[in-house]
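Everything below concerns the one structure shown next.
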């Protein structure tokens, strides 16, 4: 196609190609991990903590000595699930109840989807920045540790 033909295809007004987005800093991700681990210490449990950006890419990770090895991947996947759907993983029970049985069975087969507590979105003034995932203790303790990370960085409380 020549330049004239291409010009005729242009969108008027011009399309915005990029969406400005805030990004979670390494310092914030690291602090969230540290505070989640500190809370786990206070509870007397050993956990793995993962923080991902809004795309689900791992930014920071900490594993306490003695934390379950399989929980390493679960912590990352809790964070991934929380940022993917922009709500805490503990809410999946209620969400699944709204779907048909077929959808419930199908969605549970999705790789990396975690449908129990411990994954929490990280938001600033409502804007999704990423998520924190904690695994290795009980569901409630994992959630408490994740929330300690949320509070530590001043993110919106869930």
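The values are calculated or read from the model by the stated rules, or taken from the named source; none is laboratory data. Just so we're clear, the structure is a prediction, and the values are computed from it rather than from any experiment. Counting neighbours? That spans all protein chains shown, and the Cβs are built from the backbone with ideal geometry, glycine included.
This table checks each residue for (1) buried (at least 16 other Cβ atoms within 10 Å of the Cβ); (2) within 14 Å of residue 145 (Cα to Cα); (3) modelled with pLDDT under 95.
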{"site": "2", "(1), (2), (3)": "no, no, yes"}
{"site": "19", "(1), (2), (3)": "no, no, yes"}
{"site": "31", "(1), (2), (3)": "yes, yes, no"}
{"site": "56", "(1), (2), (3)": "yes, no, no"}
{"site": "77", "(1), (2), (3)": "yes, no, no"}
Kindly indicate whether residue 120 is closer than 22 Å to residue 152 by Cα and under 16 Å from the mean Cα position of the chain (by Cα).
-> yes
Evaluate region 60-75: report whether one residue or more is farther than 14 Å from residue 139 by Cα, crowded, with 19+ Cβ neighbours inside 10 Å and touching a residue at least 60 places away in the same chain (Cβ under 8 Å).
-> yes
In the list 45, 51, which residue meets the criterion of being touching a strand residue (DSSP E or B) at 6+ places or on another chain (Cβ under 7 Å) and either at pLDDT 95 or above or crowded, with 17+ Cβ neighbours inside 10 Å (or both)?
-> 51
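Do we have any residue at all in region 84-104 that's closer than 13 Å to residue 32 by Cβ, at pLDDT 95 or above and touching a strand residue (DSSP E or B) at 6+ places or on another chain (Cβ under 8 Å)?
no
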